[in-house]
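Each remark here refers to the structure printed beneath this line.
Read-outs throughout are calculated quantities, based only on the coordinates presented, and are distinct from any laboratory measurement. None of the values given here were measured: they were computed from a predicted structure. All Cβ positions, glycine included, derive from the backbone under ideal geometry; neighbour counts span all protein chains shown.
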Amino acid sequence: MQKIILASQSPRRKQLLEAANFDLEIIVANTDEHFPNNLSIEEVPIHIAKEKALAVFNRIQDKYKPIIAADTIVVINNEIIGKPKDRSEAISFLNKLSGNKHQVITGVAILQNNTEITFVDVTDVEFHQLTQEQIEFYVDEYKPYDKAGAYAIQEWIGIVGIKSITGDFYNVMGLPVSKVIQQLLKI
């Protein structure tokens, strides 16, 4: 496979692409993750992913290396739940998700020379009703402050707390790898 640039600090995205046998170069450009208020929910992660990809694209010399950037959001009742800023917010987020269905939406941007591909992948996830003890244990032990929705499906909370999932499991981890591969084949 051709070397690709991953515009992300996410160890999960790196792990997933390496598992798919990609030769990766990690280049991260700090970008603002704010977005215009007039975007639809599905446009939000695409906007943020595109900003990440463009920031890296503008820094590199070789414009023929594909750049992949992604952003994942969690949505419940049309509300975007981002990364919790502290313990209290993480517990609050997990209480919202407990016993309910939500969507995990990942926006992906792929840039290469004059080609730009963007898409979203949506996965429906339902949690069992979690006890307060389970929520606090997870937050205290795993400190999910860098995770949208305050959880990682591959960690303890996913193993004991997920009732059902409809869609791409890897999307919930942060990158719908099979869709990324299909899009890369086009360029």
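General observations
- Any hit, the range 34-49, residues being more than 17 Å from the chain's Cα centre (by Cα) and aliphatic (A, V, I, L, M): yes
- Lone qualifier among 80, 110 - being closer than 21 Å to residue 166 by Cα and in contact with a helix residue (DSSP H, G or I) (Cβ under 7 Å, 6 or more places away or on another chain): 80
- Sole residue being farther than 24 Å from residue 150 by Cα and charged (D, E, K, R), chosen from 85, 63, 50, 101: 63
- Flag for residue 53 being surrounded by 14 or more Cβ atoms within 10 Å (Cβ to Cβ), in a helix (DSSP H, G or I) and of a type in the set (Gly, Ala, Ser): yes
- Listed by first and then second residue, the pairs linking a residue in the range 12-35 that is in contact (Cβ under 8 Å) with a residue 12 or more places away in the chain to a residue that is assigned to a loop (DSSP other than H, G, I, E, B) and β-branched (Val, Ile, Thr), with Cβ atoms under 9 Å apart and 6 or more places separating them unless they lie on different chains, are 27/60.
This table checks each residue for (1) among the β-branched types (Val, Ile, Thr); (2) under 19 Å from the mean Cα position of the chain (by Cα).
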residue	(1), (2)
127	no, yes
137	no, no
144	no, yes
148	no, yes
152	no, yes
157	yes, yes
167	no, yes
179	no, yes
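- Test: residue in the range 86-104 that is polar (S, T, N, Q) and touching a Leu at 6+ places or on another chain (Cβ under 6 Å): yes
- When the range 56-91 is limited to residues that are among the polar types (S, T, N, Q) and not in a strand (DSSP E or B), the one that is farthest from residue 140 (Cα to Cα) turns out to be 61.
- Residues of the range 171-187 classified as closer than 19 Å to residue 11 by Cα and either in contact with a helix residue (DSSP H, G or I) (Cβ under 6 Å, 6 or more places away or on another chain) or not in a helix (DSSP H, G or I) (or both), total: 5
- Filtered residues of the range 123-163 (kept if in contact with an Asp or Glu (Cβ under 9 Å, 6 or more places away or on another chain) and either free of Cβ contacts under 8 Å to residues at least 12 places away in the same chain or aromatic (Phe, Trp, Tyr) (or both)): 138, 142, 145, 156
- Residue match in the range 16-25 (condition: touching a strand residue (DSSP E or B) at 6+ places or on another chain (Cβ under 7 Å) and part of a helix (DSSP H, G or I)): yes
- Scan the range 1-31 for residues that are in contact with an Asp or Glu (Cβ under 8 Å, 6 or more places away or on another chain) and either on the phi > 0 side of the Ramachandran plot or among the hydrophobic types (A, V, I, L, M, F, W, C) (or both) and the total you get is 5.
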